[in-house]
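Note sheet for the following structure.
The values are calculated or read from the model by the stated rules, or taken from the named source; none is laboratory data. Keep in mind that this is a model prediction, so the values were computed, not measured. With ideal geometry, Cβ positions are generated from the backbone for all residues, glycine too; neighbour counts draw on all protein chains shown.
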């Protein structure tokens with residue numbers, strides 16, 4: 001899923017100081033910062049949806065074959081979301097930052113490939129069934 | 001096409017609602033252990049990248065000079081009946097990652113602040129944070145071997161907690177102990193939000 005590792009810096013040890021040294025883009029810090037956003041074409045915000053860490057996502061159908069405009073990461077999300085998963089779980093399975101996964105999910109939601117269920121807003125934490133279900137679930141562990 | 005049909009059936013029903021509980025506390029206090037003890041799946045890790053020089057700055061001219069940091073959060077999952085799924089998030093230990101705390105605490109059912117009596121002050125920021133946010137929380141003292149045992153009252157006083165904040169001992173490695181802490185938290189959260197509490201039972 002991830003692009004190949006950057007070549008070791010030793011390949012560019014003698015960059016002239018007079019113009020920008022190419023290796024400044026390739027240090028270990030810069031790599032992970034740039035690459036995730038390549039997958040999103042540089043976008044940092046999803047086109048649709050807020051996607052809380054515990055927003056639940058499920059694919060609307062099987063992984064499409066030869067879908068136009070979907071990258072391998074989009075397809076990986078559709079594959080993972082054949083059963084219901086949270087945004088947090090998706091980021092863990094894909095080993096991608098949350099912000100990247102949000103953008104990819106926005107694309108998929110836009111195109112109707114996934115549906116989602118937002119969590120209860122903080123103001124709505126007064127549903128006693130929720131508390132009872134959680135207590136019962138914990139007791140059953 | 002059997003699988004396709006079963007997927008359609010799956011979609012026809014409502015998606016479950018996710019609930020989260022935050023496990024906070026200082027570095028190395030047992031947050032990840034607790035998440036792992038109760039999670040039904042192998043705990044996962046979610047990562048967020050941030051720069052040293054501020055988040056949300058779009059000026060790309062300085063990008064190559066920014067240093068990045070990864071903030072990791074471990075989390076686990078417990079599937080419940082009645083269409084609920086509980087997620088437990090261990091907060092990143094460093095306090096400078098408050099923005100992650102905000103994200104993970106928003107809409108949380110409540111929080112467990114784990115404390116270690118050998119470094120009690122490590123949990124002060126967590127206690128302050130949840131008090132300020134009015135998030136219901138309990139303090140669970142992880143009993144490390146070799147640590148002096150204190151009275152719960154002493155700890156309550158040392159943390160300057162109100163009498164309404166439950167304080168309890170726990171062992172983050174023990175499922176029974178973690179269950180009890182989480183059940184106590186849910187009961188406390190019900191009371192905190194003015195819901196009729198049910199009598200606590202031992203699991």
Test: residue B:88 is under 23 Å from residue B:180 (Cα atoms) and either surrounded by fewer than 21 Cβ atoms within 10 Å (Cβ to Cβ) or within 14 Å of chain A (Cβ to nearest Cβ) (or both): yes
The one condition in (1) in contact with a helix residue (DSSP H, G or I) (Cβ under 9 Å, 6 or more places away or on another chain); (2) farther than 18 Å from residue B:105 by Cα that residue A:120 fails to fulfil: (2)
Test: residue in the range B:109-124 that is surrounded by fewer than 17 Cβ atoms within 10 Å (Cβ to Cβ) and either within 27 Å of residue A:125 (Cβ to Cβ) or within 14 Å of chain A (Cβ to nearest Cβ) (or both): yes
Subset of the range B:12-32 that is more than 7 Å from every other protein chain (Cβ to nearest Cβ) and either surrounded by fewer than 21 Cβ atoms within 10 Å (Cβ to Cβ) or farther than 20 Å from residue B:171 by Cβ (or both) - its residue that is modelled with the lowest pLDDT: B:12
Per-region count, the range B:124-177, residues closer than 19 Å to residue B:33 by Cβ and at pLDDT 90 or above: 17
Enumerated helices (runs of 4 or more DSSP H) restricted to the range A:48-128, each holding at least 1 residues that are more than 7 Å from chain B (Cβ to nearest Cβ) and under 19 Å from residue B:84 (Cβ atoms): A:87-94
Qualifying residue in the range B:154-168 (condition: away from chain A (no Cβ under 14 Å) and part of a strand (DSSP E or B)): yes
Search result, residues across the range B:67-85 that are at pLDDT below 75, in contact with a strand residue (DSSP E or B) (Cβ under 8 Å, 6 or more places away or on another chain) and either more than 7 Å from every other protein chain (Cβ to nearest Cβ) or surrounded by fewer than 16 Cβ atoms within 10 Å (Cβ to Cβ) (or both): B:67, B:69, B:70, B:71
